[in-house]
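Every number in this text was worked out from the coordinates using simple rules, so none of it is lab data. Everything numeric here is computed off the predicted structure, so don't read it as measured data. Please note: Cβ atoms are built from the backbone with ideal geometry, for glycine as well, and neighbour counts cover all protein chains shown.
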Amino acid sequence: MSVGGSLDQQWARVSGRLKDEVGETAYRSWLKPLTVSELKGGEVRITVPTRFMRDWVLTHYADRIRALWSGENPRVQSVDIVVAPSRLDVGTSANDDMGMAGDLSAPIPSDEVEEERPTSGAQLGLDGRDEHFAHLDPRFTFENFVVGKPNELAHAAARRVTDAATVTFNPLFLYGGVGLGKTHLMHAIAWQIRKKDPNRRVLYLSAEKFMYQFIRALRFKDTMAFKEQFRSVDVLMIDDVQFISGKDSTQEEFFHTFNALVDQNRQVVISADKSPSDLEGMEERLRSRLGWGLVADIHPTTYELRLGILQAKAESMNVQINSKVLEFLAHKITSNVRELEGALNRIVAHAELVGRAITLESTQEVLHDLLRANDRRVTIDEIQKKVAEHYNIRLADMHSARRARAVARPRQVAMYLAKQLTARSLPEIGRKFGGRDHTTVMHAVRKVEELKTSDQSFAEDVELLRRMLEG
Ligand code: ADP
Ligand code: MG
């Protein structure tokens, strides 16, 4: 197995790739300040200077860091983000374990964002258009996008946006689960317009970046300049708007920007992980406004689409892979396209490294962890039921606010198993346990891991439950 270099070297590669993905600004703000402290029992521990950053990094980057890292070093199973102990944690309360989520509408503590004055258009790349394109992934083009039933509407709509002549629907709202091609389509729109009609001004940015810019403008009392940046845009694309949920002032600003552009008949393209009506924490008028145009849903992949994507990727990587292997992967890795690509990259990298051909056996061996994760089809409901039965507590206590140890501990075990056995994210798991915060889930996971090492019979219990659920 390839375990490339020291922990620091691995992190350098992981963060390098992340930088390419998220762009220079986000990288500098959120990722550069991270330091890697250790790798223990498959968990990489990363320290951040402040609590606010920890929450941010956790919700926005932790999953990606884990995925990239396990690509670098298959021993890495999880990533933990902790606040560096030497720092004073201003504003902490008894709520410590819950880890308050960062409030973005509050003034930003000065150690969290670099002191850097906004210099109008330049940050968004409007003055230097090439700079803007430098943040877009050159592989995310229409040519490289494989069309199938699950994404054909979204794809057709995205193509339509690149016709300068008409604005048929406004906004175009693309939604679907992670790794299904939303960002790819948006970048493809930008590349295509640049090719067809370089005078049309396209602006793509993540909701996160929009928010970041806006908060910075507020801070420097420079919102005029912020607004001006958008005036000359023909096509505005904002990716992952679910991140704007709950941030009132940013939502307000987004709403105004959005209305102004639509009024001028400029095209707006939005992506999110949910439909407009399901966007929680989004103001009603904004939600309904977002649904006015065309809402195109990208469905989970089908076997045919997955196979098509694998064939296209193998071809673009210029490698010959036995069709049995591709079929096997298309059958087994059903979660999303990103994982599918990751799997292909891993088997190709492995084959090159050891200098042997890719076979079904080597594929199974190299991807055993991934394949296992995709095999598991346990639901959180099943986990809660089994765990409640096992500890003889009421199922309702999985969701209740009761904190008595007799129910709190089983609940933590269930959260731990949910994290281990399902592909659900921490926030999703939290929601299934009576709307708890993701940090509570993280705390539970850590607590159970701790107990497992210190208490043999507890460890056996958890192991037994796991086997029952998997088997
Ligand atoms: P999302 O933004 O929906 O989370 P991305 O657009 O980042 O997903 O896609 C994840 C990865 O999968 C990217 O590398 C992208 O190129 C690839 N991908 C997704 N859908 C397709 C497709 N239909 N054809 C080719 N590649 C795809
Ligand atoms: Mg995306």
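Some values worked out for this structure:
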{"quantity": "Exposure proxy ranking, count of Cβ atoms within 10 Å, fewest first, for M398, M415", "calculated": "M398, M415"}
{"quantity": "Largest-first principal axis extents of the Cα set of region 288-383 (Å)", "calculated": "56, 38, 20"}
{"quantity": "Mean projected area in nm² (Cα convex hull; one quarter of hull surface) for region 209-309", "calculated": "7.7 nm²"}
{"quantity": "Sites excluded, chymotrypsin sites (Phe, Trp or Tyr not before Pro) in DSSP loops with at most 15 other C-beta within 10 Å, longest stretch of the chain", "calculated": "1-219"}
{"quantity": "Centroid-to-centroid separation of region 249-286 and region 390-417 [C-alpha atoms, Å]", "calculated": "39 Å"}
{"quantity": "Size of region 346-435 as Cα extents on the principal axes (Å, biggest first)", "calculated": "57, 23, 18"}
{"quantity": "For region 15-86 and region 332-361, distance of Cα centres in Å", "calculated": "24 Å"}
{"quantity": "Which of V407, V76 has the fewest Cβ neighbours within 10 Å, and the rest in rising order", "calculated": "V407, V76"}
{"quantity": "Cα shape, region 7-91, gyration tensor, a/c 1.5 rule", "calculated": "oblate"}
{"quantity": "Potential lengthening between R139 and T453 on full extension [0.36 nm per residue; Cα-Cα distance subtracted]", "calculated": "108.5 nm"}
{"quantity": "Sorted largest first, extent of the chain alpha carbons per principal axis (Å)", "calculated": "68, 58, 42"}
{"quantity": "Relative contact order (percent, whole number), the chain, Cα cutoff 8 Å, 6+ residue spacing", "calculated": "12 percent"}
{"quantity": "Extension gain, H299 back to E463 (0.36 nm per residue minus Cα-Cα distance, nm)", "calculated": "55.5 nm"}
{"quantity": "Neighbour count of at most 14 Cβ within 10 Å plus DSSP loop: longest GluC sites (Glu not before Pro)-free window in the chain", "calculated": "281-471"}
{"quantity": "Stretchable slack from E284 to H256, in nm (0.36 nm times residue separation minus alpha-carbon distance)", "calculated": "8.6 nm"}
{"quantity": "Sparse-neighbour loop sites [trypsin sites (Lys or Arg not before Pro); region 5-77; at most 16 other C-beta within 10 Å; DSSP]", "calculated": "R75"}
{"quantity": "For region 125-298, projected area of the alpha-carbon convex hull averaged over all directions, nm²", "calculated": "9.3 nm²"}
